[in-house]
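J.: Structure in structure tokens, see below.
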Amino acid sequence: RRRPRGQVCWVSGAAQGIGLELCKLLAGAGGDVVMVDLCDEARGQAAAREVQAMGGGRAAFVRADVSRGDELRAALERPQALFGGPATIVCGNAGIVVKDDDARAETMLLVNSVAVISGTTIAAELIKQAGKKGVIVNTASLAGLTPVVNTPAYAASKWAVVGHTLSLGFLRKTHGVRVNCICPALVSTPAVGEFFKEEFNKAGGRVKALAAQALDARKVAGTFMRIIDDDALNASAVVVMPQKVFVHNPRFEAVLGQAFSDKVPDYLAGAKL
């Protein structure tokens, strides 16, 4: 089991919101936590002091831009120097949201998707090289399971995380590493949460009601801890909604079975190509 006590932990997007709450829980449970964020040094160090005040484990802030591959790798290698070993509990939580026509849309894809995929690969290799076992939990979103008209590119970035996670069951055998992701609905956070609250309020009607049901970041962080501790869970997406928390069933067989079903029409039937 991967209980945090005595483990080195690594969390990106760690200076606020879900990441900060998760770091508090990890340190409070005895884990040594490397807190990675792009915020300024003073704010990051203040967050690390807040986390360390929880008692139990230690906390160290590392400033890094995870959209840059060199900085991401360096940040994942820092636990060795800080706490004497690789991180065996890794949470790729950094994420941003902008509209599709925003100049930062490409950066959003790099942070939300590419950094998660690359970070998972690097972290798994570091764990394997050290001869240890580990667990990786990445932050996706309910937007990774449903359409999002407000920002389709954000939805695409989170669908990528879900698809990547569901495809990594083999890492448990090859690297001794479990990989899962978490898919929260709207969460009360200063950045992504506020963006969607504003969008939902502008939309009005039934959509506006979603803004009033925003999750507490502490509930999402608590679900992270449950996933970390659940040794049976692998290559799965856990959905966190106000009503309940559940493991997503992607129904692969139903998708593939359509090819053999007489009830599903052939889209090209009668077409001249």
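J.: Being in a loop (DSSP other than H, G, I, E, B) and either touching a helix residue (DSSP H, G or I) at 6+ places or on another chain (Cβ under 8 Å) or modelled with pLDDT under 90 (or both) is the filter here, so list the residues in the stretch 252-268 that pass it.
T.: Val264
J.: Kindly list, by first and then second residue, each pair from a residue in the stretch 220-233 that is touching a residue at least 24 places away in the same chain (Cβ under 8 Å) to a residue that is small (Gly, Ala, Ser), limited to pairs with Cβ atoms under 9 Å and residues at least 6 apart or on different chains.
T.: Val220/Gly17; Ala221/Gly19; Met225/Ala29; Ile227/Ser236
J.: Filter the stretch 54-65 for residues that are without any contact (Cβ under 8 Å) to a residue 40 or more places away in the chain and touching a Gly at 6+ places or on another chain (Cβ under 7 Å); which is least open to solvent (accessible area, probe 1.4 Å)?
T.: Applying the filter and picking the extreme gives Gly55.
J.: To continue, here is another question. Can you name the residue in the stretch 225-249 that is open to solvent by 40 Å² or more (accessible area, probe 1.4 Å), within 17 Å of Leu142 (Cβ to Cβ) and of a type outside the set (A, V, I, L, M, F, W, C) and is also farthest from the chain's Cα centre (by Cα) among such residues?
T.: Restricting to residues being open to solvent by 40 Å² or more (accessible area, probe 1.4 Å), within 17 Å of Leu142 (Cβ to Cβ) and of a type outside the set (A, V, I, L, M, F, W, C), the top hit is Gln243.
J.: Given the conditions (1) surrounded by 17 or more Cβ atoms within 10 Å (Cβ to Cβ); (2) at pLDDT 95 or above, which single one is not true for Arg68?
T.: (1)
J.: Which number in (1) touching a Lys or Arg at 6+ places or on another chain (Cβ under 8 Å); (2) open to solvent by less than 60 Å² (accessible area, probe 1.4 Å); (3) part of a helix (DSSP H, G or I); (4) not hydrophobic (A, V, I, L, M, F, W, C) marks the one condition that Asn150 misses?
T.: Against the list (1) touching a Lys or Arg at 6+ places or on another chain (Cβ under 8 Å); (2) open to solvent by less than 60 Å² (accessible area, probe 1.4 Å); (3) part of a helix (DSSP H, G or I); (4) not hydrophobic (A, V, I, L, M, F, W, C), Asn150 comes up short only on (3).
J.: Out of (1) among the hydroxyl-bearing types (Ser, Thr, Tyr); (2) closer than 17 Å to Trp10 by Cβ; (3) open to solvent by less than 60 Å² (accessible area, probe 1.4 Å), the odd one out for Thr189 is which?
T.: (2)
J.: Given the criterion in contact with a strand residue (DSSP E or B) (Cβ under 6 Å, 6 or more places away or on another chain) and farther than 15 Å from Met35 by Cβ, identify the matching residue among Gly69, Gly85, Gly92.
T.: Just one listed residue meets the conditions, Gly85.
J.: Tell me, please, whether a residue that is surrounded by 17 or more Cβ atoms within 10 Å (Cβ to Cβ), without any contact (Cβ under 8 Å) to a residue 24 or more places away in the chain and in contact with a Cys (Cβ under 9 Å, 6 or more places away or on another chain) can be found in the stretch 44-53.
T.: yes
J.: Sticking with this structure for a sec: Please go through (1) open to solvent by 10 Å² or more (accessible area, probe 1.4 Å); (2) over 18 Å from Met241 (Cβ atoms); (3) out of contact with any His (no Cβ under 9 Å at 6 or more places or on another chain) for Ile117 and return the number of the only condition it doesn't satisfy.
T.: Going through (1) open to solvent by 10 Å² or more (accessible area, probe 1.4 Å); (2) over 18 Å from Met241 (Cβ atoms); (3) out of contact with any His (no Cβ under 9 Å at 6 or more places or on another chain) one by one, Ile117 breaks only (3).
J.: On to the next question. Being out of contact with any Lys or Arg (no Cβ under 9 Å at 6 or more places or on another chain), open to solvent by less than 40 Å² (accessible area, probe 1.4 Å) and within 30 Å of Ala87 (Cα to Cα) is the filter here, so list the residues in the stretch 195-224 that pass it.
T.: Leu215, Ala217, Val220, Gly222, Thr223, Phe224
J.: Surrounded by fewer than 24 Cβ atoms within 10 Å (Cβ to Cβ), within 30 Å of Lys208 (Cβ to Cβ) and among the charged types (D, E, K, R): which single residue out of Lys99, Lys128, Lys158, Lys133 fits that description?
T.: That would be Lys99, the only listed residue that is surrounded by fewer than 24 Cβ atoms within 10 Å (Cβ to Cβ), within 30 Å of Lys208 (Cβ to Cβ) and among the charged types (D, E, K, R).
J.: Across the stretch 11-29, what is the total count of residues that are touching a Pro at 6+ places or on another chain (Cβ under 7 Å) and open to solvent by 10 Å² or more (accessible area, probe 1.4 Å)?
T.: Residues that pass the stated criteria total 3.
The values are calculated or read from the model by the stated rules, or taken from the named source; none is laboratory data. The model shown is predicted, which means the values in this text are computed figures rather than measured ones. Cβ: placed from backbone, ideal geometry, glycine included. Neighbour counts: every protein chain shown. Keep in mind that these areas ignore ligands, DNA and RNA; they rest on the heavy atoms of the full protein, side chains included. Shrake-Rupley method; radii C 1.70, N 1.55, O 1.52, S 1.80 Å.
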